């Protein structure tokens, strides 16, 4: 088969389009790295790890500073941090899996699944109330966040607060409560017949490819675990030792930044939940008076200036600060994990990184026209050109960075 002049011109045009797309991708990645690198000093944290995913792929992971100051161990893509409250969307996903399997009902009273939790005179608490922080169950008091007591079971940890009065009628208002999520862990155990840890490993961490994610048990050796710090004046001191068994579902998980964006990829790809179920998690909670909150089923909700919906979660741990961000329509995910307490600016930095990615997606690729849906941007471009009566199939897929010209097999 002889390639004629027309095919040569088409091939040149296609190759040029691919090269331009590659250049755009490289330029975006370089901009992301510069953005985080320039922001890092002002964050005032010993170390920071970052991961970014676009569509179906993790496109960048990296680290800045130190995971361990005393041993001068750099922070990197494999560094394990406390997730803090980013544990909540993971725990909520476990509950929604059980809801899909009709093992739990979100609007059922919690005593149906955890009968040892006392009924409250203020009103009936449902799973939905717990997941949307509208239950009236209190948050930490005093020095409870610094607890170093080991609770051998999830139910034992409920003893911290289960006999306390509610702070308001369930459903009447939004008030953040990590303890409310403890009850969700008990629900998962009751309806799955597994420990909360085993359930997560089999049904969330494993399917999502979250290879380092786990509950934090300090007695278990984790080679890449970051040391946690608290800032004192112009220096850092090692944070107090705490035991997170008091709040596994609300803030007791740990892992890498890459694990978090892989969690997002797994949700996008339907590996953890059906698409319709995931979309329900991104809907705002609704109070008894009809007021909508900015918190869904385990996810914080916000819109940017372009009215794009971003879902995510922040986390504040003893010796750690985290932020996780996802844009469902554009299929973007950003995770930032720091090993210092009270770090300011992670949310703004995550939004900046996310907006860079979103703006990159809005730029029309050569020959693709304007901004369209994600499915339109990722679909291969194909066509046929007749050369001496023999059809040649032309296939171009920009995001997979591939080009193929071949004769179809009869």
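Odds and ends about this structure:
- In terms of packing, defined here as the mean over residues of other Cβ atoms within 10 angstrom, the peptides 345-351, 237-243 line up highest first as 345-351, 237-243.
- Neighbour-count order for 291, 93, fewest beta carbons within 10 angstrom listed first: 291, 93
- Sorting 313, 139 by the number of Cβ atoms found within 10 Å of their own Cβ, with the fewest placed first, yields 139, 313.
- Region 44-344: relative contact order as a whole-number percent, Cα under 8 Å and 6+ apart: 28
- Ordering 60, 310 from the fewest to the most neighbouring beta carbons within 10 Å gives 60, 310.
- Region 114-272 shape via C-alpha gyration tensor axes, a/c threshold 1.5: oblate
- One chain, two ends: residue 306 and residue 77. Fully extended at 0.36 nm per residue, the span grows by 79.3 nm beyond their Cα-Cα distance.
- Highest mean packing first, where packing is the average number of other Cβ atoms within 10 Å per residue, the peptides 230-236, 142-148 line up as 142-148, 230-236.
We did not get these values from a lab; they are worked out from the coordinates using the rules stated. If you're wondering where the values come from, they're calculated on a predicted model, not measured in any experiment. Counting neighbours? That spans all protein chains shown, and the Cβs are built from the backbone with ideal geometry, glycine included.
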